[in-house]
């Protein structure tokens with residue numbers, strides 16, 4: 001039998017504590033920020049104020065602010081909901097009033113709560129045009145179906161196994177109605193909802209006979225467009241296709257005669273014009289009707305890439321929509337109406353530039369020819385599924401004879417894979433003509449299979465990803481934001497990290513991702529001793545110096561994609577992108593301070609240094625605390641700010657503090673080949689388990705490390 005090392009023992013002890021906490025539904029001994037599970041009803045109407053109940057894991061006591069993404073939607077806390085939890089503690093249900101402006105865009109908004117225990121995880125709210133009808137308690141059979149009138153937004157939940165919800169309405173002969181379900185996709189950001197709903201929608205006549213059904217259209221969410229043959233009463237039925245249920249599986253069914261816009265063509269517009277004409281694609285739209293895209297005031301663009309944003313779309317005076325659009329500086333070309341499905345008739349284009357195209361029919365293939373010189377470098381990227389198209393793109397790069405040179409199906413950014421395609425940093429092997437081939441992976445096609453193909457010079461650049469979407473501070477403490485870089489097209493320079501929009505009383509250390517092969521860096525935030533509860537959404541920016549033509553350099557500024565942690569089945573730690581990173585100042589919690597001595601150290605290759613760590617625990621808090629420098633879960637490292645070759649010597653460290661212990665130590669050692677580095681900032685984290693995946697992190701003030709040559 002092998003001896004269990006201290007590090008593994010610490011992980012198992014923290015995991016065991018988490019399992020105990022999850023069994024009871026509450027944290028035992030330690031505090032936690034709230035983890036939002038549902039908003040009921042899940043939709044709010046444009047131009048109205050409505051009351052909703054937000055449910056969470058862990059307490060919602062002392063919630064003082066509701067944060068809603070985008071513009072036009074505000075919210076106020078009413079109180080813990082007495083109808084649901086008249087005297088229960090901790091409070092896990094909160095009444096909130098959302099107010100939606102007349103000019104608010106429809107679509108999905110992200111919602112957080114700021115409490116004295118910290119800022120919550122993210123939940124999603126549907127903003128809809130039409131009045132909200134909430135399911136009645138007894139609508140599990142057609143005889144007691146919830147009545148509604150078209151148009152409406154139907155809100156309910158698939159709360160338990162074999163739950164089936166029925167709605168009853170009247171329709172006229174010839175009436176064309178769309179039924180759009182939002183359910184599964186609303187659950188992507190719920191941290192601890194490991195199984196998602198898979199809804200199926202069925203339309204029935206007054207006798208119960210099936211007229212139409214829909215299962216998976218937008219992901220697992222259904223969509224129906226139906227023209228009724230005769231006047232009469234009809235039923236709408238929704239259930240999970242597996243007959244499963246969950247108290248947090250909320251849905252919204254948007255029912256209307258209004259046009260339903262899935263995607264627009266062209267998919268890319270110029271940032272120079274705030275309003276531009278496009279063709280909407282969807283249902284109940286006139287052929288080739290035009291609509292006006294209105295770009296948001298804040299948008300991003302860069303010479304080496306394109307930016308995706310949510311824009312307003314005005315179809316007619318009574319129909320405003322929100323759609324995804326690519327903002328790109330061009331130049332643009334458009335797929336010709338002439339055949340271009342074989343190498344001998346490929347459409348000639350000039351690079352760099354963007355191409356608007358469509359896979360018009362099943363088995364359609366689009367080919368574009370371009371001339372290039374030896375040594376030139378290009379990147380090619382398809383935008384389709386990410387902006388609403390039905391296309392699952394497949395991209396190939398060919399020589400003039402049709403021989404394959406490069407191929408890509410699904411691209412990957414950070415921790416997420418997308419159905420769009422990308423070929424990056426291709427070097428032209430010889431002067432000549434080359435071909436780009438776009439098709440659907442499954443050889444499908446149609447009017448909604450549109451794409452934007454971006455061909456750009458392959459310049460050195462980088463992408464940034466912030467691990468976790470929140471930094472929780474209490475007076476006199478610090479927190480750490482870990483940022484990871486993807487270095488692309490030969491970029492190997494230093495990346496300076498900065499944040500904008502911090503709450504009053506919070507300062508940030510100088511963060512850096514070191515040059516060369518380093519990918520991780522961190523920013524340490526510290527709050528004043530007398531700071532009051534507050535919260536703010538921040539921007540995380542990285543700035544690097546890149547080489548351009550003729551030996552010149554320029555600054556490249558990149559905003560970080562922000563990830564929220566997701567509790568995956570089996571105890572894995574997943575990630576999902578969210579709109580914002582929130583920094584909150586709460587009230588004093590389980591650990592009041594983390595002090596490290598010395599705060600500035602220097603190492604030579606082959607040397608070690610010990611950091612003495614002392615915690616100030618809150619009275620009565622005696623649970624396990626794990627001291628760490630890198631952010632880890634099980635065998636995965638999600639952020640390690642130390643220079644290459646510098647590691648924590650586990651055998652010489654004391655990182656697991658049990659039974660109320662307050663003193664520990666971390667020993668850093670530099671390998672003989674450790675990389676030289678000057679004044680790198682990091683922090684010692686004191687991690688307290690909330691559940692098997694999530695931790696409350698309390699950090700020291702910045703520690704400065706220099707690795708001598």
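The values are calculated or read from the model by the stated rules, or taken from the named source; none is laboratory data. Worth saying up front: this structure is predicted, and the values here are computed from it rather than measured. Virtual Cβ from ideal backbone geometry, glycine too; neighbours counted across all protein chains shown.
Remarks
- Residue within the range 689-699 that is assigned to a strand (DSSP E or B) and surrounded by fewer than 19 Cβ atoms within 10 Å (Cβ to Cβ) present: no
- Summed over the range 442-476, the residues that are over 25 Å from the mean Cα position of the chain (by Cα) and part of a loop (DSSP other than H, G, I, E, B) give a count of 12.
- Looking only at the range 218-239, and only at residues there that are closer than 11 Å to residue 180 by Cα and at pLDDT 95 or above, the one that is nearest to the chain's Cα centre (by Cα): 221
- Positions within the range 515-549 being under 23 Å from residue 457 (Cα atoms), touching a strand residue (DSSP E or B) at 6+ places or on another chain (Cβ under 7 Å) and assigned to a loop (DSSP other than H, G, I, E, B), in sequence order: 548
- Any chance residue 390 is free of Cβ contacts under 8 Å to residues at least 60 places away in the same chain, crowded, with 20+ Cβ neighbours inside 10 Å and under 23 Å from the mean Cα position of the chain (by Cα): no
- Of all residues in the range 314-352, those being over 17 Å from residue 267 (Cβ atoms) and under 27 Å from the mean Cα position of the chain (by Cα) number 2.
- None of 141, 217, 181 is within 30 Å of residue 579 (Cβ to Cβ), surrounded by fewer than 19 Cβ atoms within 10 Å (Cβ to Cβ) and not assigned by TED's automatic domain parsing to the domain that holds residue 574 except 217.
- Restricting attention to the range 339-371, the residues being in contact with a helix residue (DSSP H, G or I) (Cβ under 7 Å, 6 or more places away or on another chain) and at pLDDT 95 or above number 1.
- Candidates 611, 656, 615, 627 - the one that is farther than 22 Å from residue 521 by Cβ, surrounded by 21 or more Cβ atoms within 10 Å (Cβ to Cβ) and modelled with pLDDT of 95 or more: 615
- Among the residues of the range 114-131, those that are crowded, with 23+ Cβ neighbours inside 10 Å, touching a strand residue (DSSP E or B) at 6+ places or on another chain (Cβ under 6 Å) and part of a loop (DSSP other than H, G, I, E, B) comprise 120, 121, 122.
- Residue-level check: of (1) at pLDDT below 90; (2) more than 17 Å from residue 317 (Cα to Cα), residue 286 misses just (2).
- Complete set of residues in the range 391-402 that are at pLDDT 95 or above, part of a loop (DSSP other than H, G, I, E, B) and farther than 13 Å from residue 452 by Cα: none
- For the range 432-441, filtered to residues that are under 30 Å from residue 490 (Cβ atoms) and buried (at least 16 other Cβ atoms within 10 Å of the Cβ), the residue that is nearest to the chain's Cα centre (by Cα) is 438.
- Residue count for the range 217-250, restricted to those that are part of a loop (DSSP other than H, G, I, E, B) and touching a residue at least 12 places away in the same chain (Cβ under 8 Å): 16
- Residues that are within 29 Å of the chain's Cα centre (by Cα) and more than 28 Å from residue 572 (Cβ to Cβ) within the range 153-180 comprise 153, 154, 155, 156, 178, 179, 180, listed in sequence order.
- Among (1) without any contact (Cβ under 8 Å) to a residue 24 or more places away in the chain; (2) buried (at least 21 other Cβ atoms within 10 Å of the Cβ), the one test that residue 417 misses: (2)
- Some residue of the range 156-175 being under 14 Å from residue 45 (Cβ atoms) and crowded, with 17+ Cβ neighbours inside 10 Å: no
- For the range 477-493, the set of residues classified as in contact with a strand residue (DSSP E or B) (Cβ under 6 Å, 6 or more places away or on another chain) and either free of Cβ contacts under 8 Å to residues at least 40 places away in the same chain or assigned to a loop (DSSP other than H, G, I, E, B) (or both) consists of 477, 487, 489, 491, 493, listed by residue number.
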